[in-house]
Amino acid sequence: MTWISFLHLYQPANSEDYVIEEATQKSYLRIVRGLEEHPDLRLTLNISGCLFLRWDELGHEDLIKRIKFLVKKGKIDITGTVAYHPFMPLISKEEMKRQIIENEEILKKYLSKSFKPKGFFIPEMAYDKKVAKVIKEMGYDWIILDEISYNGKLGDVDNSKVYSDKNSGLDVVLRSRHYSDGYFPDTAKKENPSFVLTGNDGEL
């Protein structure tokens, strides 16, 4: 079985400290440890810029360094996004660009001065033509969306294919809604699919 896993790591910038700590201890640190302990494991992650800032405020410099090392080793591919997780179709182009640039600056601060992601995560996978065009203008190559974005139906796409968005020229990968809705390892034991692309919140 081939399993491509995309994970979205985000906490609101104004979250209480204990909320950030709980998610970090129960989820984020376990993800990083799993990558460190398993040489063949690689993941694509979106880590919102505001979460990096909160980690820094709360003294998680070691976690940030471990993520930086895994990125350098090619075990983590981090996508771009907007820094504070707004619902992109409802904000202006100017605000989109401002938050994309701010997120890029945060990633450069913590990962590498030359860091530039190729993929982009739209919060809530909320596709819109205007949003896609801005993402392309900002230099990104691909996005991940839910399979329902293809034609409004579920179970009607080949998740192993890379599609093209005619509105923007972006490449598009589509997550399986069925396999993303639950905890995939449990589902895999029952169904044993040959190929799966999932997209989930990191806390899962």
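The values are calculated or read from the model by the stated rules, or taken from the named source; none is laboratory data. The model shown is predicted, which means the values in this text are computed figures rather than measured ones. Heads up, the Cβs are rebuilt from the backbone with ideal geometry, glycines too, and the neighbour counts pull from every protein chain shown. Ligands, DNA and RNA are excluded from the accessible area calculation, which covers all protein heavy atoms including side chains. Shrake-Rupley method; radii C 1.70, N 1.55, O 1.52, S 1.80 Å.
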Fill in: Leu154 accessible area, assembled protein chains, probe 1.4 Å, Å²
100 Å²
Discussion item. If you take semi-axes √(5λ) of the Cα gyration tensor in Å from the coordinates, which of [x] 25, 23, 15; [y] 38, 21, 12; [z] 27, 18, 17 do you get?
Written reply: [x]
Fill in: Solvent-accessible area, 1.4 Å probe, carbon plus sulfur percent, for segment 1-40
48 percent
Fill in: Label-zone membership for segment 184-204, site Leu41, 7 angstrom Cα→C-beta point, backbone N under 17 Å
184-189, 198-204
Worksheet item: With r defined as the distance between the Cβ atoms of Asp158 and Lys190 and R0 fixed at 30 Å, what FRET efficiency is calculated, to the nearest 0.05?
Response: 0.90
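Would you mind checking Lys136/Lys161; Lys73/Lys97; Lys108/Lys130; Lys108/Lys166; Lys68/Lys129 for any pair whose Cα atoms are more than 24 angstrom apart? Spell out each step's value before the answer.
Working: Lys136/Lys161 20 Å; Lys73/Lys97 29 Å; Lys108/Lys130 26 Å; Lys108/Lys166 30 Å; Lys68/Lys129 33 Å.
Long pairs (Cα-Cα over 24 Å): Lys73/Lys97; Lys108/Lys130; Lys108/Lys166; Lys68/Lys129.
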Worksheet item: DSSP beta bridges in the chain, what fraction antiparallel, as a percent rounded to 5?
Response: 10 percent
Item to complete: Would you mind getting me the FRET efficiency between Glu124 and Lys72? Use the beta-carbon distance for r and R0 = 35 Å, nearest 0.05.
Response: 0.70
Worksheet item: Please state the relative contact order of segment 1-77 as a whole percent: Cα pairs under 8 Å, 6+ residues apart?
Response: 41 percent
Practice prompt. Just need the relative contact order of segment 44-192 here, percent rounded to a whole number, with Cα pairs under 8 Å and 6+ apart.
Written response: 19 percent
Practice prompt. From largest accessible area down, sort Asp146, Asp201, Asp56; use a 1.4 Å probe on the protein chains.
Written response: Asp201, Asp56, Asp146
Practice prompt. Report the relative contact order of segment 42-129, percent, no decimals, based on alpha-carbon pairs under 8 angstrom and at least 6 residues apart.
Written response: 36 percent
Worksheet item: Taking θ as phi - 60°, what are the ³J(HN,Hα) couplings along segment 129-141 by the Karplus curve (6.51, -1.76, 1.60), each to the nearest whole Hz, with x for Gly and Pro?
Response: 4, 4, 4, 4, 5, 5, 4, 5, 4, 7, x, 9, 9
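So if we plug the beta-carbon distance of Lys65 and Met1 into 1/(1 + (r/R0)^6) with R0 = 41 Å, what FRET efficiency do we get, rounded to 0.05?
0.80
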Worksheet item: How much length is gained if the chain between Lys166 and Glu95 is pulled fully straight, taking 0.36 nm per residue apart and subtracting their Cα-Cα distance, in nm to one decimal?
Response: 23.2 nm
Worksheet item: Which ³J(HN,Hα) values, rounded to whole Hz and listed in residue order, are derived for segment 151-159 from phi using the Karplus coefficients 6.51, -1.76 and 1.60 in 6.51 cos²θ - 1.76 cosθ + 1.60 with θ = phi - 60°, glycine and proline given as x?
Response: 8, x, 10, 9, x, 10, 10, 9, 5
Discussion item. Let me check something: with ligands and nucleic acids excluded, how do Phe69, Phe6 order by accessible area (1.4 Å probe), largest to smallest?
Written reply: Phe69, Phe6
Item to complete: Output ³J(HN,Hα) for segment 15-27: one whole-Hz value per residue in order, computed from phi by the Karplus curve 6.51 cos²θ - 1.76 cosθ + 1.60 with θ = phi - 60°, and x for Gly and Pro.
Response: 4, 4, 3, 5, 5, 4, 5, 5, 5, 5, 5, 8, 10
Worksheet entry | DSSP-loop trypsin sites (Lys or Arg not before Pro) across segment 56-94, with at most 12 other Cβ within 10 angstrom | Lys73
Discussion item. Test of understanding: extend the Cα→C-beta vector of Glu137 to 7 Å, then name every residue of segment 23-58 with backbone N under 15 Å from that spot.
Written reply: none
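Treating only the Cβ atoms of Lys and Arg (+1) and Asp and Glu (-1) as charged, compute the dipole magnitude of segment 62-204 about its Cα centre; round to the nearest 20 debye.
680 debye
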Discussion item. Tell me the per residue accessible area of the chain using a 1.4 Å probe; a whole number in Å² is fine.
Written reply: 53 Å²
Worksheet item: Quick one: Cα centre-to-centre distance for segment 141-195 and segment 6-68, in angstrom?
Response: 24 Å
Worksheet item: Once amide H atoms are placed 1.01 Å from N in the peptide plane, what residues at a sequence separation of 5 or more from Asn46, or on another chain, have their amide H within under 5 Å of its amide H?
Response: Leu7, His8, Leu9, Thr79
Worksheet item: Could you work out the helix-only [θ] at 222 nm for the chain, with each DSSP H run of four or more residues adding -39,500 (n - 2.57) and the total divided by the number of residues, to the nearest 500 deg cm²/dmol?
Response: -11000 deg cm²/dmol
Item to complete: Report the accessible area of Glu105, computed with a 1.4 Å probe over the heavy atoms of all protein chains in place, in Å² rounded to the nearest 10.
Response: 110 Å²
